[in-house]
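The values are calculated or read from the model by the stated rules, or taken from the named source; none is laboratory data. Predicted model only: the values in this text are computed from it and were never measured. No Cβ is skipped: glycine too gets one built from the backbone with ideal geometry, and neighbour counts run over all protein chains shown.
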Amino acid sequence: MSLELWAFIIALILDAVLILMIVWHIIAFDELKTDFKNPVDLCNNLNPLILPEYGIHLFFCFFFLVDGQIFALLINLPVIIYNIYRYANRPFMTGPGLYDPTTVMNSTELAKHQKEGWAKLIFFILCFFYYLYRQDDLCTSFAKLYFLKIDE
């Protein structure tokens, strides 16, 4: 199996993990909005997930870069740039993370975080289906090439 196929298999699995992490973010902000959770608990739960989310995304984008999958890398590049921008401009904090308990309850901040979560969820779901298509296409072409000896 080629590196190209492995890149899309890894991206497919890790993209599913990212979808679950983003769903966790959306649920957490909805709980905050409906007063089921306080801001300190929300920040304590979500801040440790920020760097793993960014790391997972960069990890499979690195495979795209190594394999030369320019289109897959280009569709992920805006989200990578946005994540770097968000982390560089985060509130002053002693630990890793993006969410400050004193400002997260602000209605504009809460709405911004919810919109960001939904946008990332849509993006990662679309990417999931693209990676699934590419992985299936590559598996089919390898099967035809190596296992199905079709005389032409």
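Matching residues to (1) modelled with pLDDT of 90 or more; (2) of a type in the set (Ser, Thr, Tyr); (3) in contact with a strand residue (DSSP E or B) (Cβ under 7 Å, 6 or more places away or on another chain); (4) loosely packed, with under 14 Cβ neighbours inside 10 Å:
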| site | (1), (2), (3), (4) |
| --- | --- |
| Ile50 | yes, no, no, no |
| His57 | yes, no, no, no |
| Lys112 | yes, no, no, yes |
| Asp136 | no, no, no, yes |
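When each of Phe8, Phe64, Phe92, Phe29 is tested for being outside any helix (DSSP H, G or I) and either over 25 Å from Thr140 (Cα atoms) or of a type outside the set (Ser, Thr, Tyr) (or both), the lone residue that passes is Phe92. A Cβ distance below 9 Å, combined with a sequence gap of six or more or placement on separate chains, defines the contacts here; from the range 94-108, residues that are under 11 Å from Asn44 (Cβ atoms) reach residues that are among the β-branched types (Val, Ile, Thr) and modelled with pLDDT of 80 or more in the pairs Gly97/Ile50; Tyr99/Ile50; Pro101/Val40. Exactly one residue among Tyr87, Tyr146 is on the phi < 0 side of the Ramachandran plot, hydroxyl-bearing (Ser, Thr, Tyr) and surrounded by 14 or more Cβ atoms within 10 Å (Cβ to Cβ), and that residue is Tyr87. Selection of first residues in the range 129-146 that are closer than 13 Å to Ile13 by Cα and of second residues that are in a helix (DSSP H, G or I) and charged (D, E, K, R), restricted to Cβ pairs under 7 Å at least 6 apart or on distinct chains, gives the following pairs, ordered by first then second residue: Tyr131/Asp15. Is at least one residue of the range 119-129 within 17 Å of Pro52 (Cα to Cα), in contact with a Phe, Trp or Tyr (Cβ under 8 Å, 6 or more places away or on another chain) and not hydroxyl-bearing (Ser, Thr, Tyr)? No.
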